[in-house]
1. Which of the peptides 316-324, 186-194, 69-77 is most tightly packed, and how do the rest follow, going by the mean number of other Cβ atoms within 10 Å of each residue?
2. Tell me which aspartates and glutamates have Cα within less than 15 Å of residue 137's Cα, excluding those fewer than 8 residues away on the same chain?
3. Between residue 409 and residue 295, what length in nm is gained on full extension when 0.36 nm per residue of separation is reduced by their alpha carbon distance?
4. Can you tell me which lysines have their Cα less than 29 Å from the Cα of residue 256? Leave out same-chain residues fewer than eight positions away.
5. Hey, what does the equivalent ellipsoid look like for the range 2-114, semi-axes from the Cα gyration tensor as sqrt of 5 times each eigenvalue, largest first, whole Å?
6. Going by average Cβ density within 10 Å per residue, which order do the peptides 50-62, 16-28 take, highest to lowest?
7. Can you sort 169, 229, 212 by solvent-accessible area, 1.4 Å probe, largest first?
8. Quick one: order 244, 37 from most to least accessible surface, probe 1.4 Å.
Amino acid sequence: MKIFLDTIGCRLNQAEIESMSRQFRAAGHEIVAAAEHADMAVVNTCAVTTQAASDSRGKIRTIARAGVNEIVATGCWTSIQPNEAAALPNVRHVVANDKKDLLVPEVLGLPMESFEKEPMDRIPIPGLHRRTRAFIKVQDGCDNKCTFCVTTIARGEGRSRPLGDVIADVNAALAGGSKEIVLTGVHLGSWGQDLGAQHLRDLVHALLRETDVKRLRLSSLEPWDLDADFFSLWNDKRLMPHLHLPLQSGSDSTLKRMARKTTPDSFRGLVQAARSIMPDVAITTDLIAGFPGETDEEFSETLNFVREMNFSGGHVFTYSPRPGTGAARMKGQIKLEVGKRRNRILQAAIEESATSYREKFIGQTMSVLWESTTEYGEYGWRMEGWTGNYLRVSAIAASPRWNEVDDVMLLAATDGLVQGDILL
Ligand code: SF4
């Protein structure tokens, strides 16, 4: 069969369709780049915001219109609204998150044993979701109860993948030609807590010791899982100097209503500890604007704190009530237009510090992993890719250099992008 794999939302969803891709190929099926060529499609849906849930439904309808008769709906939106998913056109299978590991054998009607041997080498998924970097799932679910979060509802309790399985996946990705490994999970920092008091630190140590990984990157880390000692891991230069630490709010009282296990003071301490070991580390974040009960004073606290933290980038979400979450039932819901206005102000503050962060590296030579290539007429090929500290870089080359790592002289920064010259 020809299989089309689609996803929306987080890196974990991307990691999961990459693992499904290997299983479908192991069973002799072909992964295709577009729905119109497919016999079956899998859509890994998202529920993190109202918009993401709507986009998930939209993707399924689009794939049905493209002529795919057998659609598998899975992922977070599907898990919290299975009946709505089943009612969408051509949806023949509804697989909730807690059954997702069995999705491929289930929809193919094969025994799980036929997939338990060594994972096949990773081949990037063709089409829109083609990635040079391999996203590796190391953990799922979460035991925290942040009051705005639907993910903890959709993905259930925290559970870690055994070290051996993670190492096998990393080796399969490296054997398939991946130049960068990105570890991902719902609550990545909790890896190992359910495996006899191990810690994410142990996993990173093991991967650096037991694999040939050249570029290892960590996805989002909840600040309360980390201590100053954690940053000594970065003495190994194969670990990319980029920390994504979701702050969500810079106001103590808002963080309390969010049930976040951090405070502005402890967050500040963590950032200072990281910068004392890695002065040029990229620190990016997530913020929520317009959380229920957020007063003008609380918002100013957040804005001032964001400015003080000098982030090198980040996403700001306008709060959207999610079904089943504590915050959706809270008094003091903020008007959408107020949330959107606060979102713009926070995004502008982040963009200001991100711009000065990018400019710090102009004139330096840094290594870049090329992620996309576009033909560029008489000039050759236009590349785009990422440095270790998550600068998005663009350069021109005579030939396509997808999935190559080059040294690049950084020349200028404009609109979130750094122009560079490849030093071949
Ligand atoms: S830590 Fe909080 S925000 Fe993150 S997945 Fe868990 S409940 Fe959601």
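1. The packing order, highest mean first, is 69-77, 186-194, 316-324.
2. Reachable aspartates and glutamates: 16, 18, 98, 101, 165, 169, 180.
3. Length gained, residue 409 through residue 295: 36.5 nm.
4. 145, 331, 335, 340
5. Numbers: eigenvalues 80, 49, 33 Å².
Equivalent ellipsoid of the range 2-114: 20, 16, 13 Å, largest first.
6. 16-28, 50-62
7. Output order, biggest surface exposure first: 212, 229, 169.
8. My answer, sorted largest first, is 37, 244.
The values are calculated or read from the model by the stated rules, or taken from the named source; none is laboratory data. Just so you know, these numbers come straight off a predicted model, no measurement behind them. Glycine also receives a Cβ, built like all others from the backbone with ideal geometry; neighbour counts cover every protein chain displayed. Accessible surface is based on the protein model in full, side chains and every heavy atom, while ligands, DNA and RNA are left aside. Shrake-Rupley method; radii C 1.70, N 1.55, O 1.52, S 1.80 Å.
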